[in-house]
Structures are given as structure tokens and as C-alpha cells.
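Asks: Below is one structure. I have some questions about it.
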Amino acid sequence: MRIGFFICHCGSNIAGTVDVVQVAEYVSKLPNVVHSVHLMYTCSQPGQKEIVDAIKEKRLTRIVIAACSPKMHEVTFRRAIERTGLNPYLFEMANIREHCSWIHDDRELATQKAIELVEMTIAKVARHESLFSNKVDVNKKVLIIGGGIAGIQAALDMADGGFEVVLVEREPTIGGKMAQLDNTFPTIDCSSCILTPKMVDAGQHEKIKLITYAEIESVSGYVGNFEVKVHKKPPYVNYEKCIGCGICERKCPAKAPNRFNLGIGEGKAIYIPFPQAVPKVATITKEHCIYFKSLAEGKLNRCKICQKVCHVSAVDFEIKDEYINEKVGAIITAVGFDLFNHSVYQEYGGGRYPDVISSLQYERLLSASGPTEGKIKRPSDGKEPETVVFISCVGSRDDSVGRPYCSGICCMYMAKQAILTKDHLPESKTFIFYIDIRAGSKAYEEFVKRAQVEAGAQYIRGRVAKIYPENGGLIVRGVDTLLGQQVEVMADLVVLANGVISSRGSNELAQKLRIPYDQYGFLSEGHPKLKPVETNTAGIFLAGACQGPKDIPSSVAQGSATAGKVQGLLSKDQLETSPLVALVECSRCIGCFKCLKVCPYNAIERITLKDGSLVASVIPTVCQGCGLCVATCPSASITLKGFTDDQLIAEVEALCR
Amino acid sequence: MNKLIALNNVNQKFIHQVESISKQKVSNCYQCGKCTASCPADFLMDISPNQIMHLIQIGQKDEILNSDSIWVCLSCITCTARCPREIDITSVFNALRIISRKEKRPVSIRNVKLFFDIVLSSIKNQGRLNEVPLLLKYNLWSGMLLNDADLAPSLLGRGKLHFIRRHKVKEIKEIRQIFSRSRISDS
């Protein structure tokens, strides 16, 4: 056995604390080590060349590199080693940066620790064996969860690239939050005018299978071969037959809150969300439908007016839950966000004042297709407001409500709404209470200036302390921190800039997908800078505001980014899987199947041996090598390749020597 | 200071007045505070220049016009030179002084008004500023007889003080016309 050892200075990152020359000298005297050198930057091209050359010249059969975390460069070095013809798994890294130089000050002790870490690694690598990847076929279909702008963009880019797409949306129509907006910043172009062409494209594209009013029931499998069960909720209207004429909605006698307009104005129990909905079909909300309500009370009611008036017999009260199985190679999660519910702010009325509304409700008031047909009428008495007050950071940058982060979009949509208010009501006066103005993208700062100078929005720096009704209006009491004085405005309408929170149900979905999420419920990307649309689970990607607050341009960019990533993945016919997986020694297995219960990846199956005994077996292409089964197995019959008992004990022995 | 400001009482007329006299748009100000940071007289002001700009934005006429700040301003134009939004803040302060005098509001610092009045009357009568009468009149009427007297020797040495009465400028009529056209009270 001929072991080669390379230690990295990493500039001064390692060499500043660890005496790398001393470590290299020490290691050169260890048994089986035939080559021991220190390099300035091992990961650089010249550094990799030194390794490759040394393997060839010194006929090295095992490689140890003491450098940074294997998360950083294990793949880099494995590739370099593979180029020489040596098996890339006859290699091991010792992490002397994150685990040593970065966390210690004492040079002598740090050097000693580095020597010990390296000794362990050398003892382990001596017991390594050649490992080989498996290959699995790739299913060239992608599942996209969420039909907002990010999901639509990803779907269109995938479909245009020639890949089959399954787009699943929870609501009866795609479009997401963007469909509810009136205009968009920083251009003031009509939201639905730019969104609906994309919605129609997504609805008509021959490569896109749209499943609306449906949610993900379960997910199994692995990158390249996911199996997904989609739960299609019963809309009590046959979507295939419905032509979206809307006569059922007009004739329906059952009033219901209008969900699309966020409770402003009335809706019906059977409804088409909005005129440009895709698919444009009606859906019945069971809890408001007279027929279903009377059915629940045990009475026979013959309402069913919608069924009678429907020209195409699309209304069908007998539709049941439906489950659709899909096999896909990759999954894009684009489940978007929800708005912070401001009812926790008692000082702002806790949701009791009808004229204190959320920013999205205000969008519906501004929208020509909204409940007031684009006329700004305040909810309480329908009066046109003269003074409109906007309050920023409601549910953002506020530790007291558990939302310390900035929602990123509110500063901009407040500026937009101020401009639109001036457009709709030229005589009105708007005040915007802000803490900071965050306008950090292309043309954003100029847009805020437009709100201030052209639309005359008066920005007041300071949080609002309380709002209370008086004489048919609302008194807004705040502070002007630039003057250090309290201020008060008598407002006709108060619009709150509600912050962004994770979409309801996104955490349950994350658990089904086995992807992590942060303390606020936003889904976690693989790396905050270098893997912004990947997750830590291979084959699952993130697009849009489900990962964190995002505006439309960023969501669209991420939609396209995920499509690019998935196309790269699905353009391969076969995928290599890691050989660092668990292996059951079936002769020792006692068939208790504790491993099966703990495996988070469903990678263990029951097999019957020739002698009829039932034992566990690992599906190597599904196994992610986490090692839970190894630790659980009471008969010690499972080993993890690359981390065998033999190898780990050798490490411990080296440390205790 | 520290009284409650009612934002509904925004004096729009005042804002328009300031903007039309100064030819500046006060809503351009985004309150970075660089004017205040630059101002050599800020330590004498009761309301800092950026706060004055903000108070105009929210139409707080009385608070501004009763302040010392508009009279302490030296018109050195540093604020104007440094404003990132290219607002001529000095012109805005000029506009505030003009409005204050037009409305015959009391000038909060008596000696400032005295100084301005002496300077203006000198220009009105002679068409130019005569330093020696200015110094004498100012020290006499302000009651600070020996004010800056220690500077006299060095000013004399440099030939800055002229005791012989200087001639009026030739076009004194035109100068007087400027005064009458400006319609500013010259009391």
C-alpha cells in the first residue's frame, strides 16, 4: 500500500494557525506513507496537477488530503483522482480548516490536533476499498407544485424544452398571488395583462398536464424516479365539461365570502375565481352550498339550481376525491407565500376596523376586475377616501410577532399603491409611515422617488403606535423620528403593508418531500449563495417565494433557473448514484425490520431468501447513505460502505494510540 | 418642539409658496441629512436644515417661520453644493426669509434683523456696502460697542477699512428700482 498525503495551506486560512510543514514532516514518517507534501492551494489547478502527477510518479494507491470540509471540495478531488485511473473512493479528506484552524488560536495545540485528525484519516484510508457507482434510468418528466408565476414560468420553460410537465395547483385556477394584483412595480403595468398570456400558454401547452384544485398526497422514490400521488379535491363540477359560462354563479342563491377578493364584496357558493381563470371552470364550496348544507342536516333539499341551469350538465354532486399517480424524474416546488395576518396587532384594531385593510385587499379595490370595479371605496360606507395612510412593516422586522426578517416587497408595493391612489383619486393625500425604504433593485429607487415627487406621497419615518376610530374616520398616531415629534393623521382608509410568510401547508409538503425548512417555514435552499434553487435532496428544486420573500422578477428568474437545472438533470438518460450506501448482510439479518421503520428514504425492502426467511435489503439507488439503519440494527448486520465498523474503529484506535 | 403635529393640517399654500419663490421641489428631499452635516451654522440652529426641509414637506409653516434657523443661515451654499438630490437648499431658506418678512413676522434674533437692515439700507442709498458705517451703526445700535473691535488693526493693515466716504454707484436709480420691484418691506 502506497499512501500519498497532501496538506493545504489554504492561503493563511489553515497555515496561519496550523504548522502545515510540521504536519507534512510528521506524516512522512508514518508507515505506508510514501509521499507527503504541503501545497498552497490544493483545490487550484496547479494544486490538483501536483496530486495527479504524484499519483502517477509515485504509483500511489491511497490518497489523503488535509484541507477544508469535504462538503466543499471532496467532489473536486475525487474527480482529479479519477482522471489518473485510480478509484476515487480510495481517498479521504481530513477537515483541518472548519474543524481545526478556524476554531483555534493556539498554534501549537492546533498543529497537534491537525496531526491527530490526519492520523485518523490515514488509518481509515488504509481500510478503504474500491467502490463503484450504480446507474439508474431517468424519468424525463417533471412535477411542478404550485401554479403561481414562478411555477408557470418553470412549467413553460420545461415544456418549451420538450419535457413533459405535470403542474399541480391547490386552487381551482393557476395564477397565484400575481393574479390578484392590480398593477406591478416598478413599471405600473397591468398585472393580469402580463400574467394571463402565460396562464393561457400553460393551460394550452401540449406538454403541460394541468391538475388544479389538487394537492400532493405523498411522494416516494428518489432523483430520476419519483412516484407522486396527487389528491384531486372534488369541485362538484366536471372540469372536462364546464365551459366557464358563469350562469351557475349568477343563478346560485347561496352567498359566500369572495375568496379571490379576500372577503371584500360578496361571492357565491359556486364560483369562477376571476374572468381570466385557467382553467375557466366553476367550483362549488361545500360549506356554503345550500344542497350540501341541507344534506348534512339530513334534510332533502332540491336547490341544485346550478345543476338545472347548466347547459352542458357539468355540475355533478356525486364527484368523489380522486387520486392520480404520477412518475417523474424531478420536482420543482413553487408553492409561494401567504400574507401576514395583521389581526395580532391589537393597536391597529386587530382586524376589527373595516377601514383598516391589508395591502392585498387594497389591490382588489384598485383592480378593474375587483369588487368595486376599480373604484377606491372604503369597505365601511363605500366613501371615496381623501386621506389614505399606509403603514409599513406590519409583520415584518418585528421580533414581538416572531417575524424579525424584512419582507422585501412591501416598500415597493406601498410606493406603487401610493402612485395608483393618486391616479384613481387625484385630490387624495397619502401618507406612508416607514422605518427604512428598501428599494434595492433595478429602477426601484427611481420608482420610490416617483411616488414621493410625482404622486406626492408624504413619507413619514416612524412606526405607528395606534389607530382608533373617531368621527367616522381613523386617527393614526405615530412619530416622525426625523423631527423627534409625535404626529397624528385623520385617515379615511388605512392600508397595512402586511409582511410575507410561508405558504399555509408548505411545511407538511416539505416533510412529504423530505426537504428542510427554516424557523419561519420557508423552504431551505441547498446553499444560500451557490445553490439558490436546489435543495439538499437530489432532484427537488425550489422556485419563488416559498424559499423566502421575493418579488415578481426574482420569482420569474427562479422559475427559469429551476427549469434550467431540471433540464440539465433530465437531459441525461441515466444517473450515477453514490456508492456510499448501506448494505445488509442477509445471512446475519434477523428480519426485525427496525431499519425499515427508521429509513427516511423508503430505501429498505423485504426480500425472501431461498430458504424462505424474510430479510431486509437496501435498494442502493434509493439509499442516501445516512446510516440510520446501521445504528438501529440490533444484529449489526448492516454496514455503510465507506464508513464500515472496521474503518471507524481504525480511526478511533489511531486517535487513542 | 415636542408638540403633536397634526398631519392633516398640511399647509399646501405654504408649500407652493416656498416652491414658487425658490423654484425648488421640496418633495425631492429624501432626508439623508447631508445638508445638516455640511452646515457650518447648524450648532446655532434650533431646527436643523434637513428638519426644516422635512417640515416644509409636511407644511408646518409656523414652526419654520418662528425658528431661529432661517435667520442664522449664513447663505454659504455648502448645503446646496452637496445635496445629492440637487436641491438648492439655500434658495429654499431665502424663500423662507422672504415669506417671513412679507408677512412682517418678528425676526427671532433681533441683531440679525438689524444687520440685514443696515446692509440693505446701505445698498439702497449708496448702491454698495460701506464697511465702516456698517460697523459703526451695527455696534452702536446693537449696544455691543466693542464688538469685533480687536479685528480693526488687522483690517486696517490690509486696507479693508476706508474712512473717506465713497461715491455712490452711478446707476443708483436702477438699484432703487430693484428695491421697489421686489416689494419687500424695507423697514
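Asks: To the nearest 20 debye, what charge dipole does chain A have about its Cα centre, counting +1 at the Cβ of each Lys and Arg and -1 at the Cβ of each Asp and Glu?
Replies: 1240 debye
Asks: Starting from the Kirkwood Rh over alpha-carbon pairs, what translational D in µm² s⁻¹ does the stretch A:373-423 have by Stokes-Einstein at 10 °C and 1.306 mPa s?
Replies: 123 µm²/s
Asks: Right, something else. Using label points projected 7 Å from each Cα along Cα→Cβ, tell me how many nm separate A:Ser44 and A:Val598, to one decimal.
Replies: For A:Ser44 paired with A:Val598, the spin-label model returns 4.5 nm.
Asks: If you bin the C-alpha pair distances of chain B every 5 Å from 0, what whole percents do you get?
Replies: 1, 7, 13, 16, 17, 15, 13, 9, 5, 2, 1, 0
Asks: Along the Cα-to-C-beta direction of A:Arg504, a point sits 7 Å from the Cα; which residues of the stretch A:143-171 have their amide N less than 16 Å from that point?
Replies: A:170-171
Asks: Now for a separate question. Contour minus end-to-end for A:Ala443 and A:Arg352, with contour as 0.36 nm per residue of separation and end-to-end as the Cα-Cα distance?
Replies: The span from A:Ala443 to A:Arg352 would gain 29.0 nm if fully extended.
Asks: Calculate how steeply helix A:552-570 sits against the longest principal axis of the alpha-carbon atoms of chain A, using the helix alpha-carbon long axis, and give the answer as 0 to 90 degrees to the nearest 10.
Replies: That helix lies at roughly 40 degrees to the long axis.
Asks: Please work out how much length the chain gains when fully extended from A:Gln486 to A:Glu82, using 0.36 nm per residue of separation minus the C-alpha to C-alpha distance, in nm with one decimal.
Replies: Computed gain between A:Gln486 and A:Glu82 is 138.5 nm.
Asks: Using the C-alpha gyration tensor of the stretch B:27-84, what are the square roots of 5 times its eigenvalues, in whole angstrom, with the largest one first?
Replies: 17, 15, 8
Asks: Quick check: convex hull over the Cα atoms of the stretch A:79-215, volume per residue in Å³, rounded to an integer?
Replies: 248 Å³
Asks: Further, regarding this structure: About the Cα centre, and with charges only on the beta carbon of Lys, Arg (+1) and Asp, Glu (-1), how big is the dipole of the stretch B:10-102? Nearest 20 debye, please.
Replies: 300 debye
Asks: Something else about it: Multiply the residue gap between B:Lys13 and B:Ile172 by 0.36 nm, knock off their C-alpha separation, and tell me the result in nm, one decimal place.
Replies: Extending this stretch completely gives an extra 53.6 nm.
Asks: Can you quote the Å³ per residue value for the convex hull of the Cα atoms in the stretch A:247-309, rounded to an integer?
Replies: Cα-based convex hull of the stretch A:247-309, divided per residue, equals 81 Å³.
Asks: While we're looking at this one, here's another question. Just for the Cα atoms in chain A, what are the lengths along the principal axes, largest first, rounded to whole Å?
Replies: Dimensions of chain A along the principal axes of its Cα atoms: 89, 71, 42 Å.
Asks: Can you tell me what share of the DSSP beta bridges in the protein assembly as shown is antiparallel? A percent to the nearest 5 is fine.
Replies: Antiparallel bridges make up about 50 percent of those DSSP assigns within the protein assembly as shown.
Asks: Can you tell me the FRET efficiency between A:Asn301 and A:Asn325 if r is taken as the Cβ-Cβ distance and R0 is 41 Å, rounded to the nearest 0.05?
Replies: Approximately 0.65, to the nearest 0.05.
Asks: Right, next: Applying 1/(1 + (r/R0)^6) with R0 = 60 Å to the Cβ-Cβ distance of A:Lys135 and A:Glu108, what FRET efficiency is obtained, to the nearest 0.05?
Replies: 0.75
Asks: Please state the relative contact order of chain A as a whole percent: Cα pairs under 8 Å, 6+ residues apart?
Replies: 13 percent
Asks: Taking 31 Å as the cut-off for C-alpha to C-alpha distance, list the pairs among A:Lys610/A:Lys641; B:Lys34/B:Lys113; A:Lys293/A:Lys383; A:Lys251/A:Lys377; A:Lys207/A:Lys512; A:Lys233/A:Lys531 that go past it.
Replies: A:Lys293/A:Lys383; A:Lys233/A:Lys531, as the Cα separations exceed 31 Å there.
Asks: With the contact rule set at Cα under 8 Å and sequence spacing of 6 or more, what percent relative contact order holds for the stretch B:110-182?
Replies: Relative CO of the stretch B:110-182 lands at 42 percent.
Asks: To the nearest 500 deg cm²/dmol, what mean residue ellipticity at 222 nm is calculated for the protein assembly as shown from DSSP H runs of n ≥ 4 alone, each contributing -39,500 (n - 2.57), summed and divided by the residues?
Replies: -9500 deg cm²/dmol
Asks: For the stretch A:332-391 and the stretch A:223-299, what is the separation of their C-alpha centers, rounded to whole Å?
Replies: Computed from Cα coordinates, the inter-centre distance equals 24 Å.
Asks: While we're here: Once both axes come from the Cα atoms, what is the angle between helix A:191-204 and the longest principal axis of chain A, in degrees from 0 to 90, rounded to 10?
Replies: With rounding to tens, the tilt is 60 degrees.
Asks: Could you please tell me the mean projected area of the C-alpha convex hull for the stretch A:275-321, averaged over all directions and given in square nanometres to one decimal?
Replies: 4.3 nm²
Asks: Here's a follow-up. So how far apart, in nm, are the two label points at A:Ser587 and A:Glu427 if each is 7 Å from Cα heading toward Cβ?
Replies: If labels sit at A:Ser587 and A:Glu427, their model points lie 9.5 nm apart.
Asks: Taking Cα centroids, how far is the stretch A:491-550 from the stretch B:83-157 in Å?
Replies: 64 Å
Asks: In addition: What does the average come to when, for each residue of peptide A:483-491, you count the partner chain Cβ atoms lying within 10 Å of its Cβ?
Replies: For this peptide, the per-residue mean of nearby foreign Cβ atoms is 6.
Asks: On to the next question. For a Förster distance of 35 Å, can you work out the FRET efficiency between the beta-carbons of B:Arg105 and B:Leu161, rounded to the nearest 0.05?
Replies: Result of the calculation: an efficiency of 0.50.
Asks: Under 14 Å from a label point 7 Å along Cα→Cβ of A:Cys245: give me every residue in the stretch A:265-296 with its amide N that close.
Replies: Output list for this probe position: A:282.
Asks: Report, in degrees rounded to the nearest 10, the 0 to 90 angle that the Cα long axis of helix A:149-160 makes with the longest principal axis of chain A.
Replies: For A:149-160 against chain A, the angle is about 60 degrees.
Asks: Please list, in order, the residues from the stretch A:547-562 whose amide nitrogen is less than 13 Å from a point placed 7 Å along the Cα→Cβ vector of A:Asp518.
Replies: So the set is A:547-550.
Asks: What does the average come to when, for each residue of peptide A:451-459, you count the partner chain Cβ atoms lying within 10 Å of its Cβ?
Replies: Average neighbour count from other chains, rounded to a whole number: 4.
Asks: Could you list the trypsin sites (Lys or Arg not before Pro) in the stretch B:119-185 that lie in coil according to DSSP, counting only those with at most 10 other Cβ atoms within 10 Å of their Cβ?
Replies: Qualifying residues, ordered by number: B:Arg158, B:Arg165, B:Lys170, B:Arg183.
Asks: Lys/Arg Cβ at +1, Asp/Glu Cβ at -1, dipole of the protein assembly as shown taken about the Cα centre: which of A:His288, A:Cys629, A:Ser441 is farthest positive-ward?
Replies: A:Ser441
Asks: Which of the peptides B:47-54, A:72-79, A:135-142 is most tightly packed, and how do the rest follow, going by the mean number of other Cβ atoms within 10 Å of each residue?
Replies: Output ranking for B:47-54, A:72-79, A:135-142: B:47-54, A:135-142, A:72-79.
Asks: Which one of A:Leu210, A:Val64, A:Val27 is farthest out on the positive end of the charge dipole of the protein assembly as shown, using unit charges on Cβ (Lys, Arg +1; Asp, Glu -1) and the Cα centre as origin?
Replies: In the protein assembly as shown, that residue is A:Leu210.
Asks: Another question, if that's okay. Using label points projected 7 Å from each Cα along Cα→Cβ, tell me how many nm separate A:Ser571 and B:Asp150, to one decimal.
Replies: According to this spin-label approximation, the distance is 8.2 nm.
Asks: Over all directions, how big on average is the projection of the convex hull of the alpha-carbon atoms in the stretch A:338-501, in square nanometres?
Replies: 9.3 nm²
The numbers here are math on the coordinates, done by the rules we state, and not lab data. All values derive from a computational prediction rather than experimental measurement. Don't worry about glycine lacking a Cβ; one is built from the backbone with ideal geometry, like all the others, and counts go over all protein chains shown.
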